[in-house]
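The values are calculated or read from the model by the stated rules, or taken from the named source; none is laboratory data. These figures come from a predicted structure and were not determined experimentally. Cβ placement follows ideal geometry from the backbone for every residue including glycine, while neighbour counts extend to all protein chains displayed.
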Protein chains: 2
Amino acid sequence: MKIIDGGITASLGFSAAGVYCGIKKRKKDLALVVSDRPCTFAGSFTTNVVKAAPVVWDQQIVASSPTVRSILVNSGNANACTAAQGDEDCKTMACLAAEALGITAEEVLVCSTGVIGVPMPMEPIREGVALASGVLAATREGASDAATAICTTDTFTKEVAVSLEIDGLPIHIGGMAKGSGMIHPNMATMLSFITTDATIEKGELQKLLGSSIVDSYNMISVDGDTSTNDTVLVLANGASGSSPLSPAHPGWEAFKRAFEYVHTALAKLIVRDGEGAGKFLEVIVEGAKDKESARTLARSIISSNLVKTAFFGADANWGRILCAMGYSGAAFDPLKVDLYFISEKGQVQVVEGGVPLAFDEHLARAILMEREVITRAVLRDGDAEATAWGCDLSYEYVRINGEYRS
Amino acid sequence: MKIIDGGITASLGFSAAGVYCGIKKRKKDLALVVSDRPCTFAGSFTTNVVKAAPVVWDQQIVASSPTVRSILVNSGNANACTAAQGDEDCKTMACLAAEALGITAEEVLVCSTGVIGVPMPMEPIREGVALASGVLAATREGASDAATAICTTDTFTKEVAVSLEIDGLPIHIGGMAKGSGMIHPNMATMLSFITTDATIEKGELQKLLGSSIVDSYNMISVDGDTSTNDTVLVLANGASGSSPLSPAHPGWEAFKRAFEYVHTALAKLIVRDGEGAGKFLEVIVEGAKDKESARTLARSIISSNLVKTAFFGADANWGRILCAMGYSGAAFDPLKVDLYFISEKGQVQVVEGGVPLAFDEHLARAILMEREVITRAVLRDGDAEATAWGCDLSYEYVRINGEYRS
């Protein structure tokens, strides 16, 4: 697997556009991704009972359409809590894209992100779809315009692309995502779009996506809220000419690893851009009795407000970490826990067998002052491990979220 | 039931003291509560797997002692994550109090709150127990000294007392609590102590406590972390001379209501003193299909960081409330939800049947600018309701918790 420069158009046969249509003030707010041929596809959606209109639309498409050709995304308005009008507007969005592209509405997936409860401004969307479909390009620029147009409070665009060889043919996987606030396990206000020119059957792709989100998007936390709009979509158009991939294929494992890499890389970029985040935190839980316990413990640590604020204050407050492990619901023996803080400045062990060690507070502070800090918990209960990613909780988080809607 | 001025010594036969012994800098840090006769008692403890030494001690006492006489509480050190030495120190604390009071160690409950992972400074405790046992008083002052000595980052003491008549005799229930950070459903760094001069059998008291915490302490949230030390203890010494209370007694319902009132009042005081809290938030969920759904929905709203920061910003961001209901895990129909914000400035309905209403933003802001704000969600799914209490998430919360240990 090779990491390449590129995004959603890194895969053959895909073009993209990102335009400004007037939902937001001044910034690009409409993205269109199109494949030159039918794609098998898969989707993973928010577990929130309150689902935005486009989530409902996409779930229907996943259930009923064998293939799709396009994804239409707007930022600035989530089309959530908009009742029947929202469903109507979402369908109109699909129809507009279908018309412009000469395909059917059932071949168009729709995503929205932004303010909740405000009717979708359809006139800008109408103009935006016409504009975007006219400038679609299978280029680096097309991809980056699209990646820009899906952003809300994001401070940078999130793109990842890789290539690998299967059957002697180059295969590509490209992706873009938006994140920022409300990011939490079980999906969050997070949109992630992946294209690949591999050939892969729809059911197989859905299974692969399901297993891939568990250790990527579901292991990140910004603030613990799960949004109404979270969506991950994958399109596979077979343009590489590869033979159909499945677990029986000799290239499957390599493809799977590359696919997971793209999701994990996008998830980590989302955390790096967490609202008000000053630090990128990685929590590694090792020696857990099983994988699910390891995930639960890592997620509980990364999701704790008290742990997050301690990191904001560069405070080696390991007690809060043990505490967060304790209320996670996962079984473990507190008296077998070792805890370490690690960064570019070095490593310090602060707990051994559940008991605090006398450690160099000066070194610990230097380690924690870095922008990237790893917390490593070793349980000695088994050999399962999991990694979670998150960010600190800062004044800036409170400022951004206290003022977001106003 | 009459609300009376008083705290832990409001009940006949109880005396208390609060002294400074040197665990903290300058502030009172050791409290002693003593009954002049044996008490039946009950306890409810943190669900955290990592339990502080005194929690383990108290759980043993609850399981094995028929009666107790005293509670010894220190602040400044949680005696948590202190391994075998912590257990030893806790036992020594019980022995010191027992010796000073002429009772057995198994008649002494112990609680600690403060920093995690630092060995308990036993010399100050030794001196403090001697000091406290010498100044025990069945007075308002004794109670308020004790209420002061159990505080950590609390900015005010938390005391509640009531009286009622049963069998023609006055019965008292008095209590004190400490809270502040790490307050969340399922108990938190929260200590709460209740005395009563009613006569009530131990098993009955435990059942009553179990049902009382569900709609009091378990319905409050400050920051979502559940601590290693959470404890609620109740002592009943029968000094009122009342006949034994039980569900068969005609005075039971009145006693139960008074008992629940004291717990709920203390829980609300804890929230009012949440770390960095600028607002007191009440969330009422009505019309839920069952009580547990109502509780889950109310707790999910009050625990959301995004909801908390919206209230900090006085932003009528009802979308975040619907969103928090949506990911709560409770089943409800989003299209039947009505939402209201209420304060001294008036009431504004923002959602009807899941659809946003055009509302007076100016009035909404005036309502949300108040220090006490009620959010009312009406579900039209049934007739169950629940109330939860919490506070906003402020810059001050981040400051306090970023600097706590350093």
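Quick look at the numbers
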| item | result |
| --- | --- |
| Residue in segment A:40-55 that is touching a Lys or Arg at 6+ places or on another chain (Cβ under 6 Å) and at pLDDT 95 or above present | yes |
| Residues within segment B:21-61 that are within 24 Å of B:G102 (Cβ to Cβ) and without any contact (Cβ under 8 Å) to a residue 60 or more places away in the chain, tallied | 3 |
| Scope segment B:34-91; condition under 19 Å from the mean Cα position of the chain (by Cα) and of a type in the set (S, T, Y); matching residues | B:S44, B:T46, B:T47, B:S75 |
| Residues of segment B:279-308 satisfying the condition of being of a type in the set (S, T, N, Q) and touching a Gly at 6+ places or on another chain (Cβ under 7 Å) | B:T296, B:S303, B:N305 |
| Options A:G117, A:G86: the member that is on the phi > 0 side of the Ramachandran plot and either without any contact (Cβ under 8 Å) to a residue 60 or more places away in the chain or in contact with a Lys or Arg (Cβ under 8 Å, 6 or more places away or on another chain) (or both) | A:G117 |
| Looking only at segment A:21-65, and only at residues there that are within 14 Å of chain B (Cβ to nearest Cβ) and among the polar types (S, T, N, Q), the one that is nearest to A:A236 (Cα to Cα) | A:T46 |
| Residue in segment A:261-270 that is surrounded by fewer than 23 Cβ atoms within 10 Å (Cβ to Cβ) and among the small types (G, A, S) present | yes |
| Which listed residue, of A:T199, A:T153, is over 27 Å from A:C95 (Cβ atoms), of a type in the set (V, I, T), more than 21 Å from the chain's Cα centre (by Cα) and surrounded by fewer than 24 Cβ atoms within 10 Å (Cβ to Cβ) | A:T199 |
| Test for B:S44: is it in contact with a Gly (Cβ under 6 Å, 6 or more places away or on another chain), surrounded by 20 or more Cβ atoms within 10 Å (Cβ to Cβ) and assigned to a strand (DSSP E or B) | no |
| Lone unmet requirement of (1) basic (K, R); (2) outside the structural domain of A:S44 (by TED's automatic domain parsing); (3) modelled with pLDDT of 95 or more; (4) touching a helix residue (DSSP H, G or I) at 6+ places or on another chain (Cβ under 9 Å) for A:K289 | (4) |
| Matching residues, segment A:3-30, being under 28 Å from A:P124 (Cα atoms) and hydrophobic (A, V, I, L, M, F, W, C) | A:I8, A:F14, A:A16, A:A17, A:V19, A:C21, A:I23, A:L30 |
| Within segment A:202-251, considering residues that are within 19 Å of A:T264 (Cβ to Cβ) and within 14 Å of another protein chain (Cβ to nearest Cβ), the one surrounded by the most Cβ atoms within 10 Å (Cβ to Cβ) | A:V222 |
| Long-range neighbours under 6 Å by Cβ, at least six apart or interchain, first residue more than 22 Å from B:G278 (Cα to Cα) and free of Cβ contacts under 8 Å to residues at least 12 places away in the same chain within segment B:305-327, second hydrophobic (A, V, I, L, M, F, W, C) and surrounded by fewer than 24 Cβ atoms within 10 Å (Cβ to Cβ) | B:G326/A:V49 |
| Flag if A:F341 is free of Cβ contacts under 8 Å to residues at least 60 places away in the same chain and under 22 Å from A:I220 (Cα atoms) | yes |
